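One structure is given here, and the rest of the page talks about it.
What follows draws every value from the coordinates through simple rules; no lab data is involved. What you are looking at is a predicted structure, and each value in this text was computed from that prediction instead of being measured. Here the Cβ is made from the backbone with ideal geometry for all residues, glycine too, and neighbour counts use every protein chain on show.
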């Protein structure tokens with residue numbers, strides 16, 4: 001018959017839990033950083049698409065407003081693509097179209113700052 005141990009009193013078990021917790025925290029941080037970088041690049045690409053489309057077509061000043069309405073209709077659960085945010089996304093691309101390309105993976109704090117400032121997320 002197996003003897004029941006109180007694992008909470010064993011130093012080896014306590015150290016094991018600390019190691020697992022550390023790995024979980026590291027993974028969560030890494031995932032969040034990766035997601036934020038991907039979102040930033042998506043916003044930059046979308047801003048580029050909007051900016052170029054406005055320059056190439058004669059769709060007029062209501063283009064972004066109509067786009068926001070259509071995105072809401074097509075993807076009702078999707079948040080963050082209001083008329084205002086689409087203008088911010090376009091402005092983001094136009095403001096950082098050269099400097100963002102030069103950002104490396106080691107500058108996540110700068111990326112986070114840009115992301116929070118422009119998209120109020």
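The table below lists the values:
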{"read-out": "Among 5-16, 49-60, the order from most to least packed when residues are scored by Cβ within 10 Å on average", "value": "49-60, 5-16"}
{"read-out": "Residue exposure sequence - 98, 84 - by fewest surrounding Cβ within 10 Å", "value": "98, 84"}
{"read-out": "Ranked by how many other beta carbons lie within 10 Å on average, peptides 91-97, 71-77 from highest", "value": "91-97, 71-77"}
